[in-house]
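Read the structure below first, then the notes.
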Amino acid sequence: MSDSICYTNPFLKEVIFRVDFPTPLTNISEAVSPAVLRAIFENFPISEPQVLQAQELQISGSSVTTSSQEIKKWVYHGREREKSISLESQSITMAIKRYTTYANAFEEFQKVLGALFNENKDLFASRIGVRYINSLELNEPSPLTWGEYIHEDILGIVSFHAAENISRVFHVLEYNFDGQSLKYQFGLPNPDYPAVIKQKQFILDLDSYFTGAYDEREIVECINKCHFKIQELFEKSITEKTRDLMR
C-alpha cells in the first residue's frame, strides 16, 4: 500500500505504538534523563508521572508470602492531551487520540526512541507493536445494515439468523505473515449490551506486532511493516463510500 493514503476525517479512535524491552532501561525507575526529556517535551510538554503498585506472590513449601513494590510510570501528554507517551522500566508506549498522519506520528515516536537508544547502548527490543482502532459511527437507521460501508466478505454472519435479536457481533482473525503477527477484531460492539443493537457502530481494530530481538534500525523497519499491513487490510475492509466519508 502507499504511504500517500491519508484521510481528512478518519474514523480512528486511537493509534498505539509500543516497544517492549527484555531488560530494564537505565535509571528509569528514579528519573528520566535530561536528553530523553528534551526529546519528549518537544511534542509532549505536560508531565503526569504515576506510581503503580506491583504485587509479588512467593510460594515455598506450605508457606505463602506476598510483597509489594512501587513502580514509577513516566507519562507525558500533548498540549491538549490529544496524545501521550509513557515510559516504564521495560517499555515505551505512545497513544494518539487525534491522529493526523503516519509520518508525523512515527517521527514523534522515533525521536524519543532514538534518545532512549543513545542512553542505553546495549538496548534491544523483544516486542514491537502498532495498533489502529477504527470506529465507524453513523447517524442512520438500520444499525445492522453495513453493506454500503464495509466489504461484504466480513459481514456474512450479521444476517445469519434472527437479526432483530442480535446484541453483539464480534470476530477475531489472527494472521502470521512470515513472522509478522496481526490480530484483527471487527464487528458490532454495541455500547448498550446486553440489550439488542440500536446504535449504528462498526469496529475495525487491527493490532500488528513482531516478537524476537531487534536493534534500533530493525525496530523502525518493523513499525513500518506493521503500519503498511494494517493499512492494506483496512483498505480491503471498507468501500468507496466509506472513503468518501473520510475525505
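The values are calculated or read from the model by the stated rules, or taken from the named source; none is laboratory data. None of the values given here were measured: they were computed from a predicted structure. Note that we place each Cβ from the backbone using ideal geometry, even for glycine, and neighbour counts take in every protein chain shown. Ligands, DNA and RNA are stripped out before the accessible areas are found, and what is left, the full protein with its side chains, is counted by its heavy atoms. Shrake-Rupley method; radii C 1.70, N 1.55, O 1.52, S 1.80 Å.
Data overview
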{"quantity": "Verdict on Asp207 being open to solvent by less than 50 Å² (accessible area, probe 1.4 Å), of a type in the set (Asp, Glu), closer than 28 Å to Tyr102 by Cβ and in contact with a Leu (Cβ under 9 Å, 6 or more places away or on another chain)", "calculated": "yes"}
{"quantity": "Any hit, the stretch 167-178, residues being open to solvent by less than 80 Å² (accessible area, probe 1.4 Å), assigned to a loop (DSSP other than H, G, I, E, B) and more than 30 Å from Val19 (Cβ to Cβ)", "calculated": "yes"}
{"quantity": "Out of Phe109, Phe117, sole residue that is within 15 Å of the chain's Cα centre (by Cα) and more than 16 Å from Pro189 (Cβ to Cβ)", "calculated": "Phe109"}
{"quantity": "Residue among Leu188, Leu138, Leu204 that alone is closer than 23 Å to Ala105 by Cβ and either among the acidic types (Asp, Glu) or within 26 Å of the chain's Cα centre (by Cα) (or both)", "calculated": "Leu204"}
{"quantity": "Residue check, Gly156 over 22 Å from Cys6 (Cα atoms) and either open to solvent by less than 70 Å² (accessible area, probe 1.4 Å) or touching a Lys or Arg at 6+ places or on another chain (Cβ under 7 Å) (or both)", "calculated": "yes"}
{"quantity": "Evaluation of Gln69 against (1) open to solvent by 70 Å² or more (accessible area, probe 1.4 Å); (2) in contact with an Asp or Glu (Cβ under 9 Å, 6 or more places away or on another chain); (3) modelled with pLDDT of 95 or more (one fails), failing number", "calculated": "(3)"}
{"quantity": "Failed item, numbered, when Glu164 is tested on (1) outside any helix (DSSP H, G or I); (2) closer than 16 Å to Asn190 by Cβ", "calculated": "(1)"}
{"quantity": "Which numbered condition His151 misses (of (1) open to solvent by 50 Å² or more (accessible area, probe 1.4 Å); (2) more than 16 Å from Lys236 (Cα to Cα))", "calculated": "(2)"}
{"quantity": "Test: residue in the stretch 110-129 that is closer than 23 Å to Glu235 by Cα and crowded, with 18+ Cβ neighbours inside 10 Å", "calculated": "yes"}
{"quantity": "Qualifying residue in the stretch 216-235 (condition: of a type outside the set (S, T, N, Q), at pLDDT 95 or above and not in a helix (DSSP H, G or I))", "calculated": "no"}
